[in-house]
């Protein structure tokens, strides 16, 4: 249970992190191979669906939306915790975020990219997707600005571009370190270009700080608004089970929740694969686990609020949808989602499990299973028991094409993420140095005043 | 619609309630369907297939819920304890209700579905990108999606039937949404004829395919603005008004015997189709 050593040399930090770009453990290649295989499956399914038509995904009337929309929400949601860790906690000066925020921010970017793909996969005529953009054209035809789907497209595009910018700007000093320490080759050329001539002068640092802070401040409201707008896709519609006022905060909480769970999963994987044991320490893991537990409770609360509001809301149609979720054909999934989302997190309540890696790995995967099911349980049951009685006896299950693309999206995300971690430093070197420096200064101060011995903290 | 025009004349492009601020003049197409007359024979549905070039998806597609019947006959079994074949059933012909405040129109990201000045909810196939949000938000589920490229699929229109396709109506390709148009091609022809003769369309000049095929004349179609039209008279007699979300019926003079109603009025889509309740044997 050791935290980052305060006397760790700065050169050693550079050396350790740069080593992750060169020789990861063998598991890295195994993961990469599985990811590529999964992407292959998805590409095959998509080519088939694109050529033949969406019918092969087993959509029908009334089941016009399915796993694509559910998984789209899932990936959008996952992106939020990266921003929480990198931007919100940056403003709050939580220094424990420093070794892990880089990969969390990368997670944000790549899960947004994955989500964007689902918009395309879902469309009937993806080759006309540009109709949804407000581009100038000879006929002066505009998209429909009333449509929540259009707000969605704009919100996601803004969020994605800001996230990429934020990830990149935060990486510039580290890219300079890479440039200065790597052997000549294509990578060094890449770092030279990307480092933008960073030399670490006073002026550069000052400008860097201001830029980074500005983008962080810009990103925070975006993170909240994006998932609220995704929630509007449902809350603004008229359908029972979707037309619920509490959806925006509920979606945001769910987003942070699944994102935090994903951070735990990736933390455990990266720590092992790239030999980051000395930087991604167990006390940090413990802090994320506590954060996740808190968010899990917020989500549970909002979830129960939603059920209560529907139950006591005197809208029979909505109530019927809820009852159908509990006892209808979707019941096994609905109950699994509630157990995974609200009961499983209590494992993290126990201190001995807060740093228990195998348990946490399993728990974080279960939480995300629950959150994925949650999105599916929002989308699908409304179609099988909507307003119109004629549609009630049509149950339609997603075909293997849909499952294949959903499965492949996890491969796609993993592929992007793993390649990123191999090419770019996934632990922020300069911020870890800052953290170590501040901590050693604080310790020195305590030693100087003689308080350290009294408080019994002289373990190092 | 340039940006300048959009910004300067915004009030012309927005409306709160189509019925209030864009009065339909001279046409507002509407229907009334007498469920007492409907025998559930499906002739209307067949006529619609023929008139509008609807693809026939076959047994498997139908089982998957991918049938393209713009006009469908819904069957609801009586639950009075009797077993089939003694069990009774009610039939309901269901097609796009051409809502005045249509839930499908506001949600389309590209504006492919719009309201015409005639009060018809139109669908622009060329503009549709297939997000299917309109169908998701339709309370009646009367929008049908082209899950496959039907015109190039075998057996959608068997070889000998190709000559039967209606040249006035386009066939729809893969990935677009479609739905009942109130036979807009027939309305257009009637409009042109009337214009050439320098008059408005008379009641009866235009019939929809389903109306024409109905053996019991359960379906009436016409102009709700024209006081001479049958639809207008029926709506008036039944005390059903287009811009109400709950009809206030005259209770004094046999008001309770009025049979007219519209489906899901309380959701406020202001549908243009009035149904006349079936007179049950028990009530006679």
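The values are calculated or read from the model by the stated rules, or taken from the named source; none is laboratory data. Not measured: the values here are computed from a predicted model. Please note: Cβ atoms are built from the backbone with ideal geometry, for glycine as well, and neighbour counts cover all protein chains shown.
The table below gives the values:
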item: Tally of residues being under 24 Å from the mean Cα position of the chain (by Cα) and more than 7 Å from chain B (Cβ to nearest Cβ) across the stretch A:123-152; result: 2
item: Some residue of the stretch B:182-192 being closer than 16 Å to residue B:96 by Cα, buried (at least 23 other Cβ atoms within 10 Å of the Cβ), within 14 Å of another protein chain (Cβ to nearest Cβ) and touching a residue at least 12 places away in the same chain (Cβ under 8 Å); result: no
item: Checking residue B:114 against (1) under 25 Å from residue A:239 (Cβ atoms); (2) in contact (Cβ under 8 Å) with a residue 12 or more places away in the chain, the condition it does not meet; result: (2)
item: The stretch A:1-37: number of residues that are in contact (Cβ under 8 Å) with a residue 60 or more places away in the chain, within 16 Å of residue A:270 (Cβ to Cβ) and assigned to a loop (DSSP other than H, G, I, E, B); result: 4
item: Residue check for residue A:362: over 20 Å from the mean Cα position of the chain (by Cα) and assigned to a helix (DSSP H, G or I); result: no
item: Residue match in the stretch B:230-240 (condition: in a loop (DSSP other than H, G, I, E, B) and either within 15 Å of residue B:168 (Cα to Cα) or touching a helix residue (DSSP H, G or I) at 6+ places or on another chain (Cβ under 7 Å) (or both)); result: no
item: Members of the stretch B:129-142 that are in contact (Cβ under 8 Å) with a residue 40 or more places away in the chain, more than 7 Å from chain A (Cβ to nearest Cβ) and either crowded, with 24+ Cβ neighbours inside 10 Å or within 21 Å of residue A:141 (Cα to Cα) (or both); result: B:134
item: Selection status of residue A:380, more than 19 Å from the chain's Cα centre (by Cα) and modelled with pLDDT of 90 or more; result: yes
item: 3 or more residues closer than 30 Å to residue A:13 by Cβ: qualifying helices (runs of 4 or more DSSP H) within the stretch A:259-350; result: A:282-311
item: Residue that is over 30 Å from residue A:54 (Cβ atoms) and part of a loop (DSSP other than H, G, I, E, B), where the choices are B:247, B:212; result: B:247
item: Inter-residue pairs, beta-carbon under 9 Å, first under 26 Å from residue A:375 (Cβ atoms) and in the stretch A:281-302, second at pLDDT below 95 and not in a helix (DSSP H, G or I), 6+ apart; result: A:288/A:100; A:289/A:354; A:289/A:355; A:290/A:354; A:293/A:354; A:302/A:246
item: Of all residues in the stretch B:77-101 being surrounded by 19 or more Cβ atoms within 10 Å (Cβ to Cβ) and modelled with pLDDT of 90 or more, the one that is farthest from residue A:153 (Cα to Cα); result: B:93
item: Residues of the stretch A:228-257 satisfying the condition of being away from chain B (no Cβ under 14 Å), outside any loop (DSSP other than H, G, I, E, B) and either over 23 Å from residue B:136 (Cβ atoms) or over 22 Å from the mean Cα position of the chain (by Cα) (or both); result: A:253, A:256, A:257
item: Matching residues, the stretch A:47-57, being surrounded by fewer than 20 Cβ atoms within 10 Å (Cβ to Cβ) and facing chain B (nearest Cβ under 7 Å); result: A:52
item: Search result, residues across the stretch A:182-203 that are part of a helix (DSSP H, G or I) and over 32 Å from the mean Cα position of the chain (by Cα); result: A:202, A:203
item: Enumeration of residues in the stretch A:385-420 that are assigned to a helix (DSSP H, G or I) and modelled with pLDDT under 90; result: A:389, A:390, A:391
item: Of residues in the stretch B:110-119 being crowded, with 21+ Cβ neighbours inside 10 Å and touching a helix residue (DSSP H, G or I) at 6+ places or on another chain (Cβ under 7 Å), the one nearest to the other protein chains (Cβ to nearest Cβ); result: B:110
item: Residue within the stretch B:36-57 that is under 22 Å from residue A:66 (Cα atoms) and either within 16 Å of the chain's Cα centre (by Cα) or more than 10 Å from chain A (Cβ to nearest Cβ) (or both) present; result: no
item: Residue B:155 touching a helix residue (DSSP H, G or I) at 6+ places or on another chain (Cβ under 9 Å), surrounded by fewer than 23 Cβ atoms within 10 Å (Cβ to Cβ), away from chain A (no Cβ under 12 Å) and at positive phi; result: yes
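One line per residue, one yes/no per condition, for (1) surrounded by fewer than 16 Cβ atoms within 10 Å (Cβ to Cβ); (2) within 23 Å of residue A:416 (Cβ to Cβ); (3) free of Cβ contacts under 8 Å to residues at least 60 places away in the same chain:
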residue: A:123; (1), (2), (3): no, yes, yes
residue: A:126; (1), (2), (3): no, yes, no
residue: A:136; (1), (2), (3): yes, no, yes
residue: A:142; (1), (2), (3): no, no, yes
residue: A:145; (1), (2), (3): yes, no, yes
residue: A:148; (1), (2), (3): no, no, no
residue: A:152; (1), (2), (3): no, yes, no
